[in-house]
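Student: Below you'll find the structure I mean.
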Amino acid sequence: MKIEKVGIIGAGQMGSGIAHVCALAGYDVVMEDINSDALSKAKSMIERNLNRQATRGHITQADADSALNRITLAADLNAMKDRDLVIEAATENEQVKRKVFQDLCPRLGPKTMLATNTSSISITRLAASTDRPERFIGLHFMNPAPVMQLVEVIRGIATEDETYSAAIELVRHAGKTAAQAEDFPAFIVNRILLPMINEAVYTLYEGVGNVEAIDTAMKLGANHPMGPLQLADFIGLDTCLSVMQVLYEGLADSKYRPCPLLVKYVEAGWLGRKSGRGFYDYRGEKPVPTR
């Protein structure tokens, strides 16, 4: 199964990052989103990031220009009809993802592979909402996709060997490293990372330390490049909460209970960098802790 034409559904941070990676690897890419503003912003962001890579000498300017030219924007799922692989990168909500696949499948050729970039949701369950579970796989790119080296590759119970091999080859060809994960809630990275972030929020909630103290302690005491609350803001507090809810509901263990303070921030619309406020306020010249 040879992949040459890739479709990306969703022009958010993850969708645009995956489109960047695939185009730079030489794939013909179509990126679809129902929001035309999101599409134009994504294309501009990809262009800036490609030019930044060229300026820093990681790629040539010719490579950057060629990659950008390989990306086509689309506001309709019909644009996916000739793709060899379509990667869904919609919001981390199972019902949204299932609806995307239900709308998408009738528009695809019989041999098209499907992948989801979910960071936590069951691959087997998502695959069952499609007409091709044997050609369905999880490809969890890390954020930001152009920078991060890892891609978690997750087989559903019905995923065929041919699909898995094609997915591994795509990851390798894109210059990334694959880590095979079993289809358990949140897979490997988020199974370990998100409970740590949730515990940092509990530490804040219980008054053990303020935002600045917690992040400083983990950066200097555990040699983390970014504090857990700063990282939560970067990921998006709504995404952090979604992953914790998947862990809590999927594994039925009280240690995964989302911190009430995390829930409160999400209810307030303080989702982190993307909304201007989270555990830090990003509306001024530099981020300021909100607690």
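Values in this text are rule-based calculations from the coordinates and carry no lab data. Remember, predicted model here, so these are calculated numbers, not experimental data. A quick note on method: Cβ atoms are made from the backbone with ideal geometry, for glycine too, and the neighbour counts reach across all protein chains shown.
Student: Between residue 1 and residue 107, how high is the FRET efficiency from 1/(1 + (r/R0)^6) when r is the Cβ-Cβ distance and R₀ = 22 Å? Nearest 0.05. Kindly include the intermediate steps, with their values, before the conclusion.
Tutor: Values: r = 19 Å, r/R0 = 0.88.
Given R0 = 22 Å and the Cβ-Cβ separation, E is 0.70.
Student: Continuing with the same structure: Please give the direction-averaged projected area of the C-alpha convex hull for the stretch 91-226, in square nanometres with one decimal.
Tutor: Values: hull surface 38.7 nm².
If I average the Cα hull's projected area over directions, I get 9.7 nm².
Student: Separation between the residue 253 and residue 68 pseudo-spin-labels, each 7 Å from Cα along Cα→Cβ, expressed in nm?
Tutor: 4.7 nm
Student: Please state the equivalent ellipsoid semi-axes for the stretch 5-181: what are the square roots of 5 times the Cα gyration tensor eigenvalues, largest first, in whole Å? Present the calculation step by step, with values, prior to reporting the outcome.
Tutor: Numbers: eigenvalues 124, 64, 39 Å².
After scaling each eigenvalue by five and taking roots: 25, 18, 14 Å.
Student: In which sequence would 101, 184, 136, 279 go, from the one with the fewest C-beta neighbours within 10 Å to the one with the most?
Tutor: Working: 101 22, 184 15, 136 25, 279 29.
Fewest to most other Cβ atoms nearby, the residues stand as 184, 101, 136, 279.
Student: Please give the charge dipole size of the stretch 190-289, origin at the Cα centre, charges +1 on K and R Cβ atoms and -1 on D and E Cβ atoms. Round to the nearest 20 debye. Walk me through the intermediate numbers first.
Tutor: Details: 10 positive and 11 negative charges, 34 e Å.
So the dipole magnitude of the stretch 190-289 works out to roughly 160 debye.
Student: Quick one: length gained pulling residue 172 to residue 288 fully straight, 0.36 nm per residue minus the C-alpha distance? Intermediate results must be reported in sequence, preceding the final value.
Tutor: Working: separation 116, 0.36 × 116 = 41.76 nm, distance 3.99 nm.
Roughly 37.8 nm would be gained on extension.
Student: Can you tell me how much longer the chain between residue 128 and residue 82 gets when fully stretched, taken as 0.36 nm per residue apart minus their C-alpha distance, in nm with one decimal?
Tutor: Working: separation 46, 0.36 × 46 = 16.56 nm, distance 2.24 nm.
The span from residue 128 to residue 82 would gain 14.3 nm if fully extended.
Student: Taking neighbour Cβ counts within 10 Å as the exposure measure, how do 33, 103, 84 sort from fewest upward? Intermediate values should be presented prior to the final figure.
Tutor: Details: 33 23, 103 11, 84 19.
Ordered by Cβ neighbours within 10 Å, fewest first: 103, 84, 33.
Student: Could you tell me how many degrees, from 0 to 90 and to the nearest 10, lie between the Cα long axis of helix 189-205 and the main elongation axis, the longest principal axis, of the Cα atoms of the chain?
Tutor: Result, in degrees: 30.
Student: With a Förster radius of 22 Å, plug the Cβ-Cβ distance of residue 44 and residue 147 into 1/(1 + (r/R0)^6) and report the FRET value to the nearest 0.05. Could you put the intermediate results ahead of the total?
Tutor: Numbers: r = 18 Å, r/R0 = 0.82.
So the FRET efficiency works out to roughly 0.75.
Student: Using R₀ = 30 Å, calculate the FRET efficiency as 1/(1 + (r/R₀)^6) where r is the Cβ-Cβ separation of residue 263 and residue 75; round to 0.05.
Tutor: Details: r = 34 Å, r/R0 = 1.14.
Between residue 263 and residue 75 the formula returns 0.30.
Student: Another question, then. Choose one answer from 210, 117, 190: the residue with the largest mean-square fluctuation in a GNM of the chain with alpha-carbon springs under 10 Å.
Tutor: 210
Student: Another question, then. Taking only the alpha-carbon atoms of the stretch 65-159, what semi-axes of the equivalent ellipsoid follow from 5 times the gyration tensor eigenvalues under a square root, in whole Å, largest first? Before the final figure, lay out each step's value.
Tutor: Values: eigenvalues 83, 68, 31 Å².
Its equivalent ellipsoid spans semi-axes of 20, 18, 12 Å.
Student: Please go through the stretch 204-251 and write out the GluC sites (Glu not before Pro) that DSSP classes as loop and that have at most 16 other C-beta atoms within 10 Å. Walk me through the intermediate numbers first.
Tutor: Numbers: sites: 206, 212, 249; in loops: 206.
Within the stretch 204-251, the qualifying GluC sites (Glu not before Pro) (loop, at most 16 other Cβ atoms within 10 Å) are 206.
Student: While we're here: Run lengths n ≥ 4 of DSSP H only: what is the helix-derived mean residue ellipticity at 222 nm for the chain, with -39500 (n - 2.57) per run over all residues, to the nearest 500?
Tutor: Values: 11 runs with 129 residues, N = 291.
Result for the chain, helices only: -13500 deg cm²/dmol.
Student: Averaging sequence separations of C-alpha pairs under 8 Å and six or more residues apart, then dividing by the length of the chain, give the relative contact order as a whole percent. List each step's numbers first, then the result.
Tutor: Details: 521 pairs, mean separation 38.8, N = 291.
The normalised contact order for the chain reaches 13 percent.
Student: To continue, here is another question. Order these by the 10 Å Cβ neighbour count, fewest first: 122, 242, 44, 254.
Tutor: Numbers: 122 19, 242 22, 44 11, 254 7.
In order of increasing Cβ crowding within 10 Å: 254, 44, 122, 242.
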